[in-house]
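Input: a single structure, listed below in structure tokens.
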Amino acid sequence: MTELGIEGALAPRALAKTPPRKRAKGRPVWEEPPTKAGQFGKGTVIAVVLAVVLVPLYCVVLTSFSTQGAINRAGGLVLVPHGLTFDAYRQVFENSTVTRALEVTFGITIVGTLISMVVSVLCAYGLSRYRSFAHRTILMTLIITMFVSGGLIPTFIVVTELGGYDQYWALILPNAVSVFNILVLRSFFAGTAVDLIDAARIDGAGEWRILWSVVLPTSRAVTAVITLFYAVGYWNTFFGAMLYMPADQQKWPIQYVLYQYVNLGMTMPGVANSGYGGIHQQSSPLSLSMAVVVLTVLPIVIVYPFVQKHFAKGMLTGAIKG
């Protein structure tokens, strides 16, 4: 057998014995299997990020359950549990201002999210149909508003002149629509299979039926994510209350109560005593503050895991379609 024939016969065996890393020499580095050093580095970075996120949250929660003595020994936020008690939460819920603020915030969040989703879905679906009326003009107008706005003072004047001062709708309607969310929904709706829509039209379905029975069921991921965005925005609202209802404590959302009580160091709204007497005698002011913080964060922490799985599919896919 010739030398070339021997080499040709041995080539497959030599290739089979070649380590995968050498055979994949031409591939990009991110497609290569990670080294032990790379795996260790990734694990270290993830651990550090988790510590940065979870340790402060742990301190806040633990401090909310701590007594005045434990807080004094820790010199502030508590790291080691000692003398745990529910007195702070009991006293917070006994205060009518906090419970009323939670009711107001839940109401604003539910009503506002419903209004925002209805308007955003209808607008996005209309813009996703390229032959719709004034499609390009409306789209460009919406995009311009992302970069140019009237400003705070004109917005305040418009809302107050329309009778929105000291009204709940002033916390909802001025920020009811996000152009970014509409564009994400539009991109996802535009990527809905044309065959499905044509089949629905052949069966006699109108635009409302197509939106409800074809487009929305195939866009659950993006609608779940956008719903979460709107809900978090309404739940965290406090600046609107500062502008339009600064005097009526019974209309304050929980975030504005938190702002007044924690950030400004003021006595809890609705407590008719001075200093830290009365309601503050049994629990530390810091534990009461941290209890309000926990109650503010808890609903979002509960809801987020159920929507988190939709983020990659809803946001990333929706952003690159169309």
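The values are calculated or read from the model by the stated rules, or taken from the named source; none is laboratory data. Fair warning: this is a prediction, and the values are worked out from it, not measured in the lab. A quick note on method: Cβ atoms are made from the backbone with ideal geometry, for glycine too, and the neighbour counts reach across all protein chains shown. What goes into the accessible areas is simple: the full protein's heavy atoms, side chains included, and nothing from ligands, DNA or RNA. Shrake-Rupley method; radii C 1.70, N 1.55, O 1.52, S 1.80 Å.
With the range 110-225 as the region, which helices (runs of 4 or more DSSP H) entirely inside it contain at least 3 residues that are open to solvent by 50 Å² or more (accessible area, probe 1.4 Å)?
Details: elements: 135-147, 152-161, 179-190, 194-202, 207-210.
The qualifying helices (runs of 4 or more DSSP H) are 135-147, 152-161, 194-202, 207-210.
Residue pairs whose Cβ atoms lie under 8 Å apart, sitting 6 or more positions apart in sequence or on different chains, and linking a residue in the range 216-231 that is without any contact (Cβ under 8 Å) to a residue 40 or more places away in the chain to a partner that is hydrophobic (A, V, I, L, M, F, W, C) and surrounded by fewer than 22 Cβ atoms within 10 Å (Cβ to Cβ), are THR218/ALA193; THR218/LEU196.
Taken over the range 238-259, the residue count meeting the criterion of being hydroxyl-bearing (Ser, Thr, Tyr), modelled with pLDDT of 85 or more and either closer than 14 Å to VAL159 by Cβ or surrounded by fewer than 21 Cβ atoms within 10 Å (Cβ to Cβ) (or both) is 1.
Can you tell me which residue is modelled with the highest pLDDT among those in the range 272-299 that are open to solvent by 50 Å² or more (accessible area, probe 1.4 Å) and in contact with a helix residue (DSSP H, G or I) (Cβ under 7 Å, 6 or more places away or on another chain)?
Let us first name the residues in the range 272-299 that are open to solvent by 50 Å² or more (accessible area, probe 1.4 Å), namely 272-274, 276, 281-282, 286, 297-298.
Next, only the ones that are in contact with a helix residue (DSSP H, G or I) (Cβ under 7 Å, 6 or more places away or on another chain) stay: 276, 282, 286.
Working: TYR276: 37, GLN282: 50, LEU286: 81.
Among them, the one singled out is LEU286.
The number of residues in the range 93-105 being under 24 Å from TYR168 (Cα atoms), in contact (Cβ under 8 Å) with a residue 60 or more places away in the chain and either touching a Ser or Thr at 6+ places or on another chain (Cβ under 9 Å) or in a helix (DSSP H, G or I) (or both) comes to 8.
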